[in-house]
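First the structure, in the form of structure tokens, and then the observations on it.
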Amino acid sequence: MADSIADALLAKLQWAVLEALDDGRWRMHGAAPVWLSARTSELAPDDLPPFLESFLAEAREHWSTGRSEPLRSLMWREVTSDGREWPLQASALVLGGHPRSERRDESAAERRAARRGERGDERGGECDSERHGERHGERQDDPVDELPGERRFVFVEWLDERYAELRAILQRARATTLEFESLHREILKKEVLLHCIVHDLKSPLAGIVGTLSLLKDGENDPARSRLLELALESSRKQEVMIRQVLDVFASELESIQSFTDDPKAAPDLVECVRSVLQVYAPVFQRRSVALVCRAIAARREPLPVVGRADRLERVLANLLENALRYSSSGDAVELEFEDLADYVELRVDDRGPGVPEAIRATLFRKFVQSGPSRGVAGLGLFYCETTVEQWGGAIAYQPRSPRGSSFRLRLAKPARA
Amino acid sequence: MSPMRAKVCMLGTFAVGKTSLVQRFVKSLFSERYQTTIGVQIDKKELVLDGRALTIMLWDLYGEDEFQKLNESFLRGAHGCLFVADGTRAATLAATLELAQRFEAVVGGVPRLLLINKRDLGEQWELGDDELAKLAASGWDVLLTSAKTGANVEAAFERLGRAILARA
Ligand SMILES: Nc1nc2c(ncn2[C@@H]2O[C@H](COP(=O)(O)OP(=O)(O)OP(=O)(O)O)[C@@H](O)[C@H]2O)c(=O)[nH]1
Ligand SMILES: [Mg+2]
């Protein structure tokens with residue numbers, strides 16, 4: 001009676017109860033659950049689904065090392081032919097036996113009673129007795145009958161809603177972690193952007209300060225009104241930039257992505273270079289660094305490139321600032337370009353110390369990833385690269401011989417309309 | 001002769017795309033929806049490589065995090081392993097390399113590849129060529145994959161399969 005209840009329970013719960021046999025096989029107690037297609041009740045490990053097969057091997061190994069504490073498997077799923085998923089978890093248990101120390105305390109009568117109870121469990125129950133009949137000869141060798149009470153089982157539980165609950169919690173936790181990580185990355189990006197902006201805001205100031213200093217030095221300079229004009233020009237530029245920064249914040253990062261490759265609206269590289277030179281020529285002059293731009297001076301017709309004029313000017317200004325920072329009085333910085341078939345290559349060369357070998361590989365990388373901050377220069381280059389790459393262009397560094405740096409900017413030409 | 005059966009583990013922290021790579025490879029499917037794996041999911045794929053049959057049992061294990069730690073006993077008996085990191089989350093690489101060390105302690109010396117997944121997300125890509133070169137220099141066979149576009153997915157499983165057959 002008790003056995004038919006046990007069997008009914010097992011069937012209802014869709015559990016599998018497998019008992020380890022000494023010949024390496026497993027006996028299934030009760031009817032096979034729906035998720036397990038088993039034709040016989042004594043199963044070789046490879047009759048079983050792969051995960052279970054591997055867990056059964058693990059259980060035997062666990063027992064072989066003399067351990068009797070329960071062993072639990074990972075959760076896994078079996079899928080039945082109707083497409084239904086069965087979340088499962090197995091436990092390896094030793095029943096009936098007791099750790100030696102406990103067993104000593106236990107009365108013999110109790111032990112006998114326990115053993116009787118277990119045997120009872122095995123008999124009865126229609127399919128079980130049938131099986132026992134078939135296998136009667138083997139049953140004599142079953143170590144279960146010889147050993148004092150210890151029998152080894154693997155129970156496989158169908159987890160049903162418990163699995164769904166656990167899954168929902170873990171899913172939620174992981175999704176939250178992912179969201180947190182991506183927000184964190186967003187914040188870092190914004191931080192870099194902010195640094196770049198501050199850096200860029202500083203650039204026209206160099207022009208203003210340079211011009212004003214020249215003015216102060218030559219009080220009766222006939223070029224006075226021209227210099228004033230330049231200072232004014234730089235101030236206006238800075239004003240424009242500040243407005244742009246406000247724009248950027250207003251429209252998130254969106255505006256950064258906007259550029260044109262429409263030939264009619266494409267910025268003219270020659271004009272951009274000239275406008276940057278206007279700001280920087282006085283600064284270079286003050287530092288006694290020559291600024292050589294032969295190709296620009298000679299160029300008569302416009303040279304449209306893909307991008308945006310204001311940002312292109314900032315990229316150029318960044319490169320010139322960099323070159324100036326590492327130049328000494330008497331050096332020359334060259335800003336030249338070459339008009340090639342599909343693109344324009346522009347280079348800014350200086351005679352400074354060059355970029356140390358160790359940081360060349362990461363020169364244009366986000367400073368947040370290349371370890372210690374390289375300061376404003378690093379940010380400027382990061383800005384240059386991300387900006388130019390957005391336009392399908394590229395920037396590269398090359399050392400010069402015997403010393404100096406060469407930054408090469410490749411800008412795409414707009415598709416011919 | 002029945003084909004060789006190989007246990008191959010997919011290992012890496014959570015959400016790097018282990019399940020997506022297996023689904024792409026076994027079923028040619030991809031979903032943007034993230035459904036975290038609980039425990040393990042085993043898929044089977046039969047391959048014929050250079051005329052030799054190989055049945056791969058793919059153990060798609062859950063991604064380790066603070067909620068679920070990896071139990072090393074489930075790695076035992078593996079014939080090969082695909083370690084997976086997410087190229088858009090640089091930190092997953094370190095975590096995966098750490099898993100690789102633990103794998104090595106349990107199942108030493110079996111063929112393994114390192115897949116840097118989500119290659120299609122170029123904009124968010126965080127791993128530079130220098131990092132990849134370093135990995136290659138330290139003995140890793142690295143492939144950049146995308147479960148979304150399928151890029152290098154078949155190549156990865158087949159390369160591992162060949163390496164497993166070569167040892168068999
Ligand atoms: N764009 C893109 N998304 C991917 C790619 N691979 C995976 N994903 C997405 O990344 C998320 C996680 O993918 P999974 O395959 O579930 O990751 P997993 O490593 O199995 O995660 P766990 O099971 O939690 O350890 C899902 O939203 C996928 O759609 C890929 O190559 N490209
Ligand atoms: Mg998964």
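Readers should treat all values here as calculations from the given coordinates under stated rules, not as data from a laboratory. Only a predicted model underlies this, so the values are computations on that prediction, with no experimental measurement involved. Using ideal geometry, Cβ is built from the backbone for each residue, glycine included, and neighbour counts are taken over all protein chains shown.
Taking only Cα atoms and a 10 Å spring cutoff, compute GNM fluctuations for chain B and point out the largest among B:GLY12, B:GLY108, B:GLY150.
Maximum fluctuation in the GNM of chain B, among the listed residues, is at B:GLY108.
Considering the alpha-carbon set of the stretch A:262-417 alone, what are its Rg and its Dmax in angstrom?
Radius of gyration, then largest Cα-Cα span, for the stretch A:262-417: 15.3, 46 Å.
Taking springs between alpha-carbon atoms closer than 10 angstrom, which of B:ARG33, B:ARG24, B:ARG52 fluctuates most in the Gaussian network model of chain B?
B:ARG33
Looking at the stretch B:4-167, send over the antiparallel percent of its DSSP beta bridges, to the nearest 5.
Rounded to the nearest five, the antiparallel share is 30 percent.
Taking a quarter of the surface of the convex hull around the Cα atoms of the stretch B:10-166, what do you get in nm²?
Values: hull surface 35.7 nm².
For the Cα atoms of the stretch B:10-166, the hull's average projected area reads 8.9 nm².
I need A:CYS293, B:CYS9 ordered by Cβ neighbour count within 10 Å, fewest first.
Starting with the residue having the fewest Cβ neighbours, the order is A:CYS293, B:CYS9.
Could you list, in their original order, any pairs among B:LYS7/B:LYS134; B:LYS45/B:LYS134; A:LYS237/A:LYS413; B:LYS7/B:LYS69 whose Cα atoms are separated by more than 23 Å? Mind dumping the intermediate values first?
Numbers: B:LYS7/B:LYS134 29 Å; B:LYS45/B:LYS134 32 Å; A:LYS237/A:LYS413 26 Å; B:LYS7/B:LYS69 21 Å.
Over 23 Å Cα-Cα: B:LYS7/B:LYS134; B:LYS45/B:LYS134; A:LYS237/A:LYS413.
Give me the distance between the Cα centres of the stretch B:30-53 and the stretch A:156-177, rounded to whole Å.
For the stretch B:30-53 versus the stretch A:156-177, the Cα centre distance is 21 Å.
Could you please tell me the mean projected area of the C-alpha convex hull for the stretch A:40-80, averaged over all directions and given in square nanometres to one decimal?
On the way: hull surface 14.9 nm².
Averaged projected area of the stretch A:40-80's Cα convex hull equals 3.7 nm².
What lysines sit close enough to B:LYS118 to cross-link, taking a C-alpha to C-alpha distance under 16 Å and skipping anything fewer than 8 places away on the same chain?
Within the straight-line cut-off, B:LYS118 pairs with B:LYS18, B:LYS148.
Taking beta carbons within 10 Å but only from partner chains, what does the mean come to for residues B:9-21?
Working: counts 0, 0, 0, 0, 1, 5, 5, 0, 0, 0, 0, 0, 0.
Taking all residues of B:9-21 together, the mean is 1.
Averaged over peptide A:166-176, how many Cβ atoms belonging to another chain are found within 10 Å of each residue's Cβ?
4
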